[in-house]
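The values are calculated or read from the model by the stated rules, or taken from the named source; none is laboratory data. Please read these numbers as outputs of a predicted model, since none were measured by experiment. So basically every Cβ, Gly included, is an ideal-geometry build from the backbone, and we count neighbours across all protein chains shown. Surface accessibility is based on the protein's heavy atoms, side chains included, excluding ligands, DNA and RNA. Shrake-Rupley method; radii C 1.70, N 1.55, O 1.52, S 1.80 Å.
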Amino acid sequence: MPELRERVKVRFASGDTTCAAWHYPGSNGGCVIMAGGTSVTKEPASDLFAARFNDAGFAVLAFDNRRFGESGGTPRQIVRIDEQLADWDAAIAYAASLPDVDPDRISVWGFSLAGGHVFRVAADHPQLACAVAQTPLADGFALAPHALRAMTPLAMLRLFGLGIADALGGLLGRQPLLVPTSGARGDVASLTTSDAMDGDRALDPEHRHTDWEQTVAARIALRIGGYRPGRHASRIRCPLLVVVCDQDRSALPGPAVEAARNAPDAEVVHLTGRHYAPFLESHEQAVEAEISFLEKHLTRLAGRAG
């Protein structure tokens, strides 16, 4: 469990609502904005890494996307990619206004679905100092056949039936039909790949996050295959670090490596392990590589300013 440290609950406007975030004050002017994947809220998504980044002197802004966690927005538990990208835009603007943050020394960090967002966010914000995509969902189209093979035929039919009903119900103003974010093969869940169930022991091993709702609106099954954020990598102008796990079956390393190859200034770190290995057996290797990268690209700017 990460050591408790000073952090302040803040809120910032995004769209017609507000997003909740933890602000860890920093000492060196650099800032890392963090978010997690699908329904993973800010504490399980970021606590382990945020503590280490903050120890290195960086401010951290770890936020919940709207409709999840402590952020506003209804109906709840719905992933809308355009809204989540707008939440990142708002988080960057808010971070730049913090008194302990140099607006020219902001980085973004995300894993899984949010790691995929990093490609698009970094491409749309050339002013960012650097970006970190950890086990990112870089290409939903490439993942889809693999994810479908991990499901039983009956579970697949039930999930897509719920997805269609949920999407139609949404058009009629009905409450979303929720499914577990992850499950074992045969379960009706958003993802049932072989490493999908590692999330609990990786992100909440001591069961501290009792308010974390691990569900998502079923319509995600109809939409995630069309999300291909890695295609924006060629537009990224800031340095990019892509951390992949070679046995990842929930996001797949190949599309992320390919996206990094297309980025003008990218590094790739390969870890041994599955999707959640950066939170488990490969944590030290992951966090040390990420801190080294952040120090290189955020503190370097401070030296230039001086």
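For this structure, a couple of remarks:
- Selection within region 182-193 - open to solvent by less than 80 Å² (accessible area, probe 1.4 Å) and either charged (D, E, K, R) or farther than 16 Å from G161 by Cα (or both): S182, G183, A184, D187, T192, T193
- Every residue from region 148-160 that is under 18 Å from Y227 (Cβ atoms) and without any contact (Cβ under 8 Å) to a residue 60 or more places away in the chain: L148
- Here G57 does not fit the description of being in contact with a Lys or Arg (Cβ under 8 Å, 6 or more places away or on another chain) and among the small types (G, A, S).
- Selected residue [under 24 Å from S46 (Cα atoms) and either free of Cβ contacts under 8 Å to residues at least 60 places away in the same chain or touching a strand residue (DSSP E or B) at 6+ places or on another chain (Cβ under 8 Å) (or both)] from P180, P176: P180
- Counting only strands (runs of 3 or more DSSP E) wholly contained in region 203-306, no element carries 1 or more residues that are at pLDDT 95 or above, loosely packed, with under 15 Cβ neighbours inside 10 Å and among the hydrophobic types (A, V, I, L, M, F, W, C).
- Cβ-Cβ under 8 Å pairs, at least 6 apart or on other chains, region 196-207 side under 16 Å from S112 (Cβ atoms), far side outside any loop (DSSP other than H, G, I, E, B) and of a type in the set (G, A, S): A196/S182; M197/S182; G199/S182; L203/A45
- Any hit, region 100-115, residues being farther than 30 Å from L177 by Cβ, touching a helix residue (DSSP H, G or I) at 6+ places or on another chain (Cβ under 9 Å) and free of Cβ contacts under 8 Å to residues at least 60 places away in the same chain: yes
- Residues in region 1-54 that are part of a strand (DSSP E or B), of a type in the set (S, T, N, Q) and open to solvent by 30 Å² or more (accessible area, probe 1.4 Å): T18 alone.
- Answer from F68, F53, F12 - the residue that is under 14 Å from the mean Cα position of the chain (by Cα) and either in contact (Cβ under 8 Å) with a residue 24 or more places away in the chain or over 22 Å from A138 (Cβ atoms) (or both): F68
- The condition (being within 28 Å of A263 (Cβ to Cβ) and either touching a Phe, Trp or Tyr at 6+ places or on another chain (Cβ under 9 Å) or basic (K, R) (or both)) is satisfied by just one residue among A131, A96, A122, A86: A131.
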